[in-house]
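> Encoded as structure tokens, here's the structure I'll be asking about.
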Amino acid sequence: MPLGAKKSKVGAMGGSGTLISVYPEELTFLFELEKPCYCNLKVVNNSEHHVAFKVKTTSPRKYFVRPNASIVQPWDSCTITITLQAQKDYPPDMQCKDKFLIQSTKVAASTDMDEIPPDTFNKEADKVIEEMKLKVVYTLPSCGGSDDSSVSSLGSRSFKAASDDLMMLKNASLEEIQTIQRLKEERDNMLQQNQQMQRELDVLRRRRSRKGDAGFSLTFAAFAGLIGLMVGLLMSLIFSSAPADA
């Protein structure tokens, strides 16, 4: 490869690469007007190296990504929460042209995940940057059923059919509408709590992993010191008892 050439591998839409895999292979949002929508993305490290990743999108003002960059330890994983900001209008035919790009590269084990160097993802000589593209899909929530199959069925219907369901909802009684609204709010609250718990568990797991390594080193040092102290005490007893035997 000529001097100064850039090493870059561009992957297909979603799926797996040499360094990482992402699940799911496309971002699906349960679209509701004037409400934020959420989607979790799991990044799995397929290698024995520490891998840094960064998330980019073609519409940065519409989406909130946390974390948008981090480091995944060897054979470990990380969960990303992507929030679609509240929208005032339905997109034409419920089609979304937004795209996401995930860049990944190997980094040193000593790299701090909270302070990734800004040039980490620069395409330079002797550096491999893997890139993976994800498309965005919008689905509509069900209007009365809580069964998963009904949600999937509604998500696959055309926008026109979903509009007919909305017209039926307008003809429902006030009590039915209030019940549906209450159920939706409870579902949203449970979803947000679940995502918050997942983020806290990921943070605790990383902290325990770091503390576990340090704890092992301190335990080993203490054990070695105790052995040395016992050996020294034993030698002192041997040498102190030798003149008395003579």
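> Loop only per DSSP, at most 16 neighbouring Cβ atoms within 10 Å: give me the chymotrypsin sites (Phe, Trp or Tyr not before Pro) in segment 51-148, ordered by residue number.
On the way: sites: 53, 63, 64, 75, 100, 121, 138; in loops: 75, 121.
Answer by residue number: 75.
> Just grab the label-to-label distance for residue 229 and residue 127, each label 7 Å out from Cα along the Cβ direction, in nm (one decimal).
So the label points at residue 229 and residue 127 sit 4.9 nm apart.
> Quick check: residue separation of residue 113 and residue 44 times 0.36 nm, minus the Cα distance between them. What number comes out in nm? Walk me through the numbers on the way to the answer.
Details: separation 69, 0.36 × 69 = 24.84 nm, distance 1.56 nm.
So the chain would gain 23.3 nm between residue 113 and residue 44.
> Another one. Given 73, 53, 85, which one lies farthest toward the positive end of the charge dipole of segment 20-139, if we put +1 on the Cβ of every Lys and Arg and -1 on the Cβ of every Asp and Glu?
Sorting the options by dipole projection puts first 85.
> Accessible area per residue for segment 20-139 in Å², computed with a 1.4 Å probe and the full protein assembly in place, what is it? Write out the running numbers ahead of the final one.
Values: 6130 Å² over 120 residues.
So segment 20-139 comes to 51 Å² accessible per residue, rounded to a whole number.
The values are calculated or read from the model by the stated rules, or taken from the named source; none is laboratory data. Just so it is clear, the model here is predicted, and its values are computed rather than measured. Backbone-built Cβ (ideal geometry, glycine too); neighbour counts: all protein chains shown. Ligands, DNA and RNA are stripped out before the accessible areas are found, and what is left, the full protein with its side chains, is counted by its heavy atoms. Shrake-Rupley method; radii C 1.70, N 1.55, O 1.52, S 1.80 Å.
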